[in-house]
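Peer 1: First the structure, then my questions, so here it is.
The values are calculated or read from the model by the stated rules, or taken from the named source; none is laboratory data. As the structure is a computational prediction, the values presented were derived from the model and not from experiment. When we count neighbours, we look across all protein chains shown, and the Cβ atoms used for this are built from the backbone with ideal geometry, even at glycine.
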Amino acid sequence: MSLGIPVVASNVDSVPEVVGDGGIICEVDDLRCFLESTKELVNSPEYAMELGARAKAIVTQRNSPGVVGKELLAVYRELVE
């Protein structure tokens, strides 16, 4: 995702939250979904680029120094209290 590559992933644990709208989520055993989704990305470069851009934006937003710094500061404050 950080490289701007869209994801086709399983609906397991927190994967859908991580992927967000930067990819396509399939049920765990749904091979048809995986195949069709991959085929769609290959056959529609514009759609793949759009999803890839969203994927990169998600990673950039969630992992920016400001966001990570605030989260770490909150953890440290909790530990001190």
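Conditions (1) surrounded by 13 or more Cβ atoms within 10 Å (Cβ to Cβ); (2) under 28 Å from Ile24 (Cβ atoms); (3) out of contact with any strand residue (DSSP E or B) (no Cβ under 7 Å at 6 or more places or on another chain), marked per residue:
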| residue | (1), (2), (3) |
| --- | --- |
| Leu51 | yes, yes, no |
| Lys56 | yes, yes, yes |
| Pro65 | no, no, yes |
| Gly69 | no, no, yes |
| Leu79 | no, no, yes |
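Peer 1: Looking at the structure I just gave you, is Val42 aliphatic (A, V, I, L, M) and closer than 22 Å to Thr60 by Cα? If you could, list the steps in order and put the result at the bottom.
Peer 2: Details: aliphatic (A, V, I, L, M): yes; closer than 22 Å to Thr60 by Cα: no.
For Val42, the condition - aliphatic (A, V, I, L, M) and closer than 22 Å to Thr60 by Cα - is not met.
Peer 1: While we're here: Does Cys26 count as surrounded by 15 or more Cβ atoms within 10 Å (Cβ to Cβ) and either under 18 Å from Met1 (Cα atoms) or under 16 Å from the mean Cα position of the chain (by Cα) (or both)? Full working, then the answer.
Peer 2: Numbers: surrounded by 15 or more Cβ atoms within 10 Å (Cβ to Cβ): yes; either under 18 Å from Met1 (Cα atoms) or under 16 Å from the mean Cα position of the chain (by Cα) (or both): yes.
Yes: the conditions hold for Cys26.
Peer 1: Suppose we filter the stretch 36-77 for residues that are at pLDDT below 90, of a type in the set (Gly, Ala, Ser) and under 18 Å from Val19 (Cα atoms); how many remain?
Peer 2: Counting residues in the stretch 36-77 that are at pLDDT below 90, of a type in the set (Gly, Ala, Ser) and under 18 Å from Val19 (Cα atoms) gives 1.
Peer 1: For residues that are out of contact with any strand residue (DSSP E or B) (no Cβ under 9 Å at 6 or more places or on another chain) and among the aliphatic types (A, V, I, L, M), scanning just the stretch 29-49, find the one that is surrounded by the most Cβ atoms within 10 Å (Cβ to Cβ).
Peer 2: Taking the candidates together, the pick is Ala48.
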